[in-house]
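The values are calculated or read from the model by the stated rules, or taken from the named source; none is laboratory data. Values in this document were obtained by computation on a predicted structure and should not be read as measured data. Cβ: placed from backbone, ideal geometry, glycine included. Neighbour counts: every protein chain shown.
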Amino acid sequence: MCTVVIDVAEPGGSRLLAVRDEDPERAWDSLGAWWPEQYPGVIGIRDRRAGGAWLAVDRQAHRLAVLLNRADVLDLPEDQVRSRGSLALESVAGRSPEAPLAMHGFNLLEVGPDAARVLSWDGAQLTETPVPQGVHMIAHDGLDDPATARIARWLPEFRANAARTDDWEDRWVALLAASAELDPTDDAAIIRDNRPHGYPTQSLLYCVADIGHHGVEIDESKLTAPGHWG
């Protein structure tokens, strides 16, 4: 139940804030070049168990991809289901997913120097949603989904603080901090504790990134404790 905020500029370039929710017991590694042979030049946040990435960046190709889980109708035995961890890595290498996929549901946000899009898989159909100019949010359902409480609550705030100035990172992180004044179990919270909702995941970190023809600039910050701003 991760959350991403993205501001797509005209004629090109995007800035984003991505919050990762994961089981704190599932080991992971910070941004690094963890795949030098298979994906040379790619850095990402690695899931140690499956070896894949939640977020990946190819600075030379000026590409970023981030993976968000979503519900699905996949009808396969679990021993035949593939990990989604390769999706972001393959994406920044220029290989987007194609249906059918033996994977559980996802939203894959792909960002390049000139455009961004969301590829969504629900276990039966793969759909593409271009991300238009402006500020948008995505979580476990559609882009700017008004039925997602955190999007309904915070998208107007992020739009009022569009990432078009030099201090955009400070303003967006301050807004994220303000959102953390909500209880992490609140449906409208961005910094989350999803355990009461039936998932073991909690917010663990956030990344801010600037993607354009100049390249990709990205920073990662860990939360002081899972599900809490500090």
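Within segment 162-205, the set of residues being in contact with a Lys or Arg (Cβ under 7 Å, 6 or more places away or on another chain), surrounded by 18 or more Cβ atoms within 10 Å (Cβ to Cβ) and part of a loop (DSSP other than H, G, I, E, B) comprises 163, 184, 189, 190. When the residues of segment 112-151 are filtered to those that are acidic (Asp, Glu) and in a loop (DSSP other than H, G, I, E, B), which remaining residue is modelled with the lowest pLDDT? My answer is 114.
Is it true that some residue in segment 205-228 is over 26 Å from residue 31 (Cα atoms) and not hydrophobic (A, V, I, L, M, F, W, C)? No, every residue in segment 205-228 fails to be over 26 Å from residue 31 (Cα atoms) and not hydrophobic (A, V, I, L, M, F, W, C). The listed residues are 52, 32, 41, and the only one of them that is closer than 21 Å to residue 90 by Cβ, touching a Leu at 6+ places or on another chain (Cβ under 8 Å), touching a residue at least 12 places away in the same chain (Cβ under 8 Å) and of a type outside the set (A, V, I, L, M, F, W, C) turns out to be 52. The set of residues from segment 61-111 being outside any loop (DSSP other than H, G, I, E, B) and of a type in the set (Asp, Glu) comprises 78, 79, 90, 110.
Examine segment 109-127 for a residue that is among the aliphatic types (A, V, I, L, M), farther than 22 Å from residue 29 by Cβ and over 17 Å from the mean Cα position of the chain (by Cα), and state whether such a residue exists. The answer is yes; a qualifying residue exists.
Filtering segment 189-226 down to residues that are among the aliphatic types (A, V, I, L, M) and farther than 27 Å from residue 9 by Cβ, which residue is farthest from the chain's Cα centre (by Cα)? Can you show your working first?
So in segment 189-226, the residues among the aliphatic types (A, V, I, L, M) come out as 189-191, 204-205, 208-209, 211, 216, 218, 223, 225.
If we keep only those that are farther than 27 Å from residue 9 by Cβ as well, we get 189, 204, 223, 225.
Values: 189: 16, 204: 13, 223: 16, 225: 20 Å.
Here the answer is 225.
The residue pairs whose first member lies in segment 182-205 and is of a type in the set (D, E, K, R), whose second member is modelled with pLDDT of 95 or more and part of a loop (DSSP other than H, G, I, E, B), and whose beta carbons are closer than 7 Å, counting only pairs six or more residues apart or on different chains, are 183/189; 192/184; 192/227; 193/184; 193/185; 193/227.
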